[in-house]
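Below is one structure, written out as C-alpha cells; comments come after it.
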Amino acid sequence: MTQSRLHLAFPDGHPGGRVLVIGAGGSDDLSPLDPTLTLIRQGNFPDHQALAARGYDVAPEVEGAFDLAIVRLPRSKAAARAAVADAAARLPAGAALWIDGQKTDGVDALLRELRQLGPVDEVHSKAHGKIFRLILPAGDWLPADWRETPLEAAAGFATLPGVFSADGVDPGSAVLAAHLPDKLPTRMVDLGAGWGWLSAQVLARPGVQQLDLVEADHAALQLARRNVTDRRARFHWADARDFRLPEPVNGVVMNPPFHEGRQADPRLGQAFIATAARLLTGAGRLWMVANRHLPYEAALAQHFAQVTEIGGDNSFKIIEATGARRAGGQPQAAPARRRRSR
C-alpha cells in the first residue's frame, strides 16, 4: 500500500467531524482518517469486503449528512460528476469537498470545471494525479445534469453512468445470446450479470426454472432487479470468483470481465471459469463469450472435459463446455436421478 495523496490534504490526521468517502478502493491508504468517524461508500463487492476487513464502516449506499467529504474519481466522467453531486448534497454550505483522482481518470478536467463553479484551493499533485479542495457555495450551484440520471441502454432496460456497458447492450453479450440453444437447463447462473440484459434473454428461453444473477457492482445489481422482474430470478451481490451455491446447477452463462482498472488481466476470466466448473454438475454446461485474443483455452481444458467453440466473429469467440472437473482434475459426478414413485 503506497502513501496516498490524503497525506498531503490531511498532514495532521483526521480533519474533524464525520467524513464521507466515496469510491475508496480496498487497498487504498486511508491512514489519515479515523475509522470511527468515517463512512465509505463502496459498491464493488471485493473492495467493500476488503475495507470492512480493515475496520472501516462501509456501505454500498449511504444516507444522512456529513461534515466533510472525499470523492475518489471513477473513470466515467458522468459517474464522477454524479459522485461529486451526491457528496455535495450531504454537506452544508462552507464545508470542504475534496476530489482525488488520477490524470487518466480526468482529474484535471474536473478541476477546471469546478473552478468555474466554486472556490477551489489546496491543490496537491502526486503520483500522476491530484487532490484538491472545493469549499461548497450556498444555494443551487451545481448544474442539474451532474446529478445521477438513469439511462435507457435498450428498450425496457435502465442503466446508470459508470456501470459496465451503460450506453447499450454489450456486443459480446449480444453474440452470446444469439448462440444460446433454444431450450436451456432448468437451473441456471449468470456470472457477472451486470444490469440484467443477458439474464433476460436466458429467462426468455423455455426450460429455465431458476436463474441466479451474480454481480459484484451493487449499482448494476440494483438495476438488474429493476430490469428483470421475473419471479424465477434470484439476485446475489457477490464476487463471482468465490461465489458458491448450496446445490449444483446445470447451466452457466457468462461474459466475464478482463480488466482490473485500466490493465487487462486474463486471470479474472480464468477465475470465472473455475467458478463455473465448481457450480455445475458433471452433465451441466457452460456458455461463455470472450474476446478472441484472450488466452482462456488452458483454463477451460483444466476445468472441463469437453470444450467446443460454437461460434463467434473476428472479435469474439463463443465457448460451450461440459464435464466440469473437480479440483483434482476428475469430472464431477452427475447427480443421481430420482426415481418417480408409482
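Here, each number is a calculation from the coordinates, and none is a lab measurement. Bear in mind that the values here come from a model prediction, so they are computed numbers and not experimental data. Note that each Cβ is placed from the backbone with ideal geometry, even for glycine, and that neighbours are counted across all protein chains shown.
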Seminar exercise, completed: Yeah, region 191-250 with a ≥ b ≥ c from its alpha-carbon gyration tensor (a/c under 1.5 is rounded, else prolate when a/b outruns b/c, oblate otherwise) is oblate
For this session: For Gly284, enumerate residues with amide H under 5 Å from its amide H, sequence gap 5+ or separate chain, H modeled in the peptide plane.
Result: Gly323, Ala324
Problem set entry | Helix-derived mean residue ellipticity, 222 nm - over the chain, DSSP H n ≥ 4, -39500 (n - 2.57), to 500 | -6500 deg cm²/dmol
Seminar exercise, completed: Filtering trypsin sites (Lys or Arg not before Pro) in region 123-178 by DSSP loop and by at most 15 other Cβ atoms within 10 Å leaves Arg147
For this session: Show me 270-281, 106-117 ranked by packing, highest mean number of other Cβ atoms within 10 Å first.
Result: 270-281, 106-117
For this session: Calculate the spin-label point distance for Leu37 paired with Lys77, positioning each point 7 Å from the Cα along the beta-carbon direction, and give it in nanometres.
Result: 3.7
Seminar exercise, completed: Of all DSSP beta bridges with both partners in region 112-232, the antiparallel percent, nearest 5, is 60
Exercise. Considering only DSSP beta bridges with both partners in the chain, what is the antiparallel share in %, to the nearest 5?
Worked result: 50
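Within the set of other residues whose C-beta is less than 12 Å from the C-beta of Leu198, count the net charge using Lys and Arg as +1 and Asp and Glu as -1. Working shown, then result.
On the way: positive: Arg205; negative: Asp170, Asp190, Glu215.
For residues surrounding Leu198, the net value is -2.
Cβ under 15 Å from Ala233's Cβ, Ala233 left aside: what net charge do those residues give with Lys, Arg +1 and Asp, Glu -1?
+3
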For this session: Taking every pair of Cα atoms in the chain, average 1/r, invert it to obtain the Kirkwood radius, and report Rg/Rh to two decimals.
Result: 1.03
Exercise. Taking amide hydrogens as modeled 1.01 Å from N in the peptide plane, which residues meet the under 5 Å criterion relative to Ala238, leaving out close sequence neighbours?
Worked result: Glu215, Ala216
Seminar exercise, completed: By the mean-Cβ-within-10 Å protection proxy, highest first, 190-203, 224-237 rank as 190-203, 224-237
Problem set entry | Summed residue charge, Cβ within 13 Å of Gln49's Cβ, Lys/Arg positive, Asp/Glu negative | -1
Seminar exercise, completed: Rg/Rh over Cα atoms for region 1-71, Kirkwood Rh, comes to 0.93
Problem set entry | Relative contact order %, the chain, counting alpha carbon pairs below 8 Å whose residues are six or more apart | 11
For this session: Report ³J(HN,Hα) in whole Hz for each residue of region 33-42, in order, from the Karplus equation J = 6.51 cos²θ - 1.76 cosθ + 1.60 where θ = phi - 60°; Gly and Pro get x.
Result: 8, 7, x, 6, 10, 10, 10, 10, 8, 9
Exercise. Once amide H atoms are placed 1.01 Å from N in the peptide plane, what residues at a sequence separation of 5 or more from Ile70, or on another chain, have their amide H within under 5 Å of its amide H?
Worked result: Leu20, Val21, Ile22, Trp98
Problem set entry | P(r) tail fraction, region 269-329 - alpha-carbon pairs more than 14 Å apart, % | 48
